[in-house]
Amino acid sequence: MKESPSLPPEEINARQGFALAPEARESMSYDVVIVGAGPAGLAAAIRLKEKAKASGREISVCLLEKGSEVGAHILSGAVIDPKPLTELIPDWKEKGAPLETPVSSERYSLMTEKRAFPFPNFLLPPLMKNHGCHIASLGNLCRWLAKEAEARGVEIYPGFAAAEVLLNETGAVRGVATGDMGISKSGEKKPNHEPGMEILGKYTLFAEGARGSLSKFLIRHFDLEKDSDPQKFGIGLKELWRVPKERHRLGHVQHTLGWPLDQKTGGGSFLYHFGDCLVSVGFVVHLNYENPYLSPFDEFQRFKTHPAIRAILEGGERLAYGARAITEGGFQSVPRLIFPGGALIGCAAGFVNLPRIKGSHNAVESGIMAAEAAAEALARQREHDALESYAQAYRASAARRELLMVRNVKPLLSRLPLILALPLMGLEMWMRTLKIGLPFTLKHGKPDCDSLREAKDCEPILYPKPDGIVSFDKESSVHLSATNHEEDQPVHLTLKDPTVPLKENLPRFAEPAQRYCPAGVYEVLEETGGGGGGGGRRFQINAQNCVHCKSCDIKDPARNINWVAPEGGGGPNYSNM
């Protein structure tokens, strides 16, 4: 770890690009502050209160959530492994947790343009089996967990975005500050202006999910990736459908690899049948793809036109849409989890098991481990130091053992064509199941933003027009995400250099932001009499459309886009996702 800086915390944060409040801020103090009301943050909050009850001493816990409500920004498949939830709340079934659909059948298939070839289930490694898991809305599960947390005395504040990390005089994290409300695009205070608040904690747990803006700062500031590979990401796109009753198979799980992606582009799909004729339809594209003309959104729409998928969806109704980055680096990319005053939990650290397409169970486990470490430290009258017992617990955890078993899957997919990677992936997982795995760990190499080839070396991809039956455009899709931001506020998609999109990214990479964004945020518009190095073009950011997927912060080849938190409550409002 780097030596703690001697600069005052206000200057440190300013140098990292965080806005500073121009006036004194009120503060609230707690034993533990948690940023993010996903499965990791909520699990940590609940376990802290349970530990407090068992020890007979109070632990005050504050949980901040940038969405308009708990669950508003939660997006996942989701097939949920309930083991860590059972550890957290043993009687979750009796208490009515929204896990009503156990997996009853499953199929993995390899897709060509017209056919789907199923893999024999007996060839699947045991880790890949989904029996014992439940199909559910992770957002609804988080809403239920929030009620459990509040019943235990946790203070939850939705609509408050943590926008700044606060450091004390020794360089330790002492809490966070929420963003100012009521600031105009030009930076002026509006009549409804309210300054942000300092939320101070003896320990602060960051559960922001994949590519959280504060987690990114912490990883860089404390050099947490010093001994790990760069994190790898995918973009996951999801729609919720209600399908005709005769096509619904309650409890069925379906995964595919292959078409419409080519052999060099990693990704796949899922269809999960649950509830009242509901089907979660999802598509994942690994963000280390090479062709700048590729559009993950359009690949998803094209996927649904496959005969095997159209047969399920046609005649149904599309109810919701969303997109979110997924951490895919696994074992090699988990950074150091702790730093003075806090820790990373859940997907802020990256515990997704890529081949299983699951991470919520590991997120819950990480929240439990961090909470136990914080409770132990508080019982010993400690504060603002590193929670070493959390790091030790992770090294002995089921989550780490699970990631270790699949550690070479992602590198194999990145290095080899799919047809060669598939059998090697299966062999690797079977060998590890039999405790004879490969004696080495393949490296990930470069970050996803460095993987694009120049446009001149790639073929443009012509996508079919949406048919309005199973495939749709971005505009109608974003509408289904119920995304909204206060229009007159500073743009939260910031450019380090505003000339880069047109001067560098457009000639070299055909400005890929137009395509990797699944919400139509970025456009290159033709203008008459324009200048600025763009040849009559203008780069436009439609921040109102942003679904907070973070793909732009990950994939921009110039590393020029920095996603920062908008006003609290902005963004998507996912329902049943």
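The values are calculated or read from the model by the stated rules, or taken from the named source; none is laboratory data. No experiment lies behind these values; they were computed from the predicted model shown. In this analysis, Cβ positions are derived from the backbone assuming ideal geometry, glycine residues included, and neighbour counts consider all displayed protein chains. Surface accessibility is based on the protein's heavy atoms, side chains included, excluding ligands, DNA and RNA. Shrake-Rupley method; radii C 1.70, N 1.55, O 1.52, S 1.80 Å.
What value, in deg cm²/dmol to 500, does the helix sum -39500 (n - 2.57) over DSSP H runs of n ≥ 4 give at 222 nm once divided by the residues of the chain?
-7000 deg cm²/dmol
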Label-point separation in nm, GLU194 to ASP450, each point 7 Å along Cα→Cβ: 4.4 nm
Counting only complete DSSP H runs, which helices of the chain cover 18 Å or more along their long axis at the Cα atoms and score a mean Kyte-Doolittle of 0.0 or above? 39-55, 360-379, 418-433
Ignoring ligands, DNA and RNA, what percent of the accessible area of the chain is carbon or sulfur (1.4 Å)? 52 percent
Once Lys and Arg get +1 and Asp and Glu get -1 on their Cβ, which of LEU166, GLY132, PRO90 lies farthest toward the positive end of the dipole of the range 56-189? GLY132
Residue-normalised value, i.e. accessible area per residue, for the chain at 1.4 Å probe, in Å², stands at 40 Å²
Applying the gyration tensor rule to the Cα atoms of the range 262-324 (axes a ≥ b ≥ c; rounded if a/c under 1.5, else prolate if a/b exceeds b/c, else oblate), the class is prolate
So for R0 = 41 Å, FRET eff. of GLU94-ASN484 from the Cβ-Cβ r, to 0.05, ends up at 0.65
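Over the range 201-350, what relative contact order in percent results from Cα pairs under 8 Å that are six or more residues apart?
Reported relative contact order: 41 percent.
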Average silhouette area of the range 196-310, convex hull of alpha-carbon atoms, in square nanometres: 11.8 nm²
Give the Cα extents of the chain along the principal axes, in whole Å, largest first. 65, 63, 47
Within the range 362-393, the residues whose backbone N lies under 11 Å from a label point placed 7 Å from the Cα of ASN168 along the Cα-to-Cβ direction are 382-386
Could you tell me which of rounded, prolate or oblate describes the range 383-510, using a ≥ b ≥ c as the square roots of the eigenvalues of the alpha-carbon gyration tensor, with rounded for a/c under 1.5 and, failing that, prolate when a/b is larger than b/c and oblate otherwise? prolate
Mean separation of Cα contacts under 8 Å, 6 or more apart, over the residue count of the chain: relative contact order %: 20 percent
Point-charge dipole on Cβ atoms (K/R +1, D/E -1) for the chain, about Cα centre, debye to 20: 1880 debye
For the range 251-265, 3J(HN,Hα) per residue [Karplus equation, 6.51 cos²θ - 1.76 cosθ + 1.60, θ = phi - 60°, Hz, x = Gly/Pro]: x, 7, 10, 10, 10, 9, 10, x, 3, x, 6, 7, 5, 9, 10
Output the peptides 285-291, 102-108 sorted from most to least packed, where packing is the average of other Cβ atoms within 10 Å over each peptide's residues. 285-291, 102-108
Compute the Cα gyration tensor for the range 437-577, then decide on rounded, prolate or oblate, letting a ≥ b ≥ c be the square roots of its eigenvalues: rounded whenever a/c is under 1.5, prolate when a/b is larger than b/c in the other cases, and oblate in all that remain. rounded
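Please list the three semi-axes, largest first and in whole Å, of the ellipsoid equivalent to the range 297-383, using sqrt of 5 times the eigenvalues of its alpha carbon gyration tensor.
For the range 297-383, the ellipsoid semi-axes come out as 40, 14, 11 Å.
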Say the cut-off is 23 Å between C-alpha atoms; which of LYS245/LYS474; LYS232/LYS443; LYS232/LYS435 go over it? LYS245/LYS474; LYS232/LYS435
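So how do LYS503, LYS465 rank on accessible area, 1.4 Å probe, biggest first, that is with the largest at the start?
The most accessible residue leads, giving LYS465, LYS503.
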For the cross-link pairs LYS202/LYS496; LYS66/LYS555; LYS446/LYS503; LYS264/LYS456; LYS216/LYS446; LYS114/LYS238, which exceed 29 Å when the distance is taken from alpha carbon to alpha carbon? LYS202/LYS496
How would you rank 348-356, 150-158, highest first, on the average number of other Cβ atoms within 10 Å across their residues? 348-356, 150-158
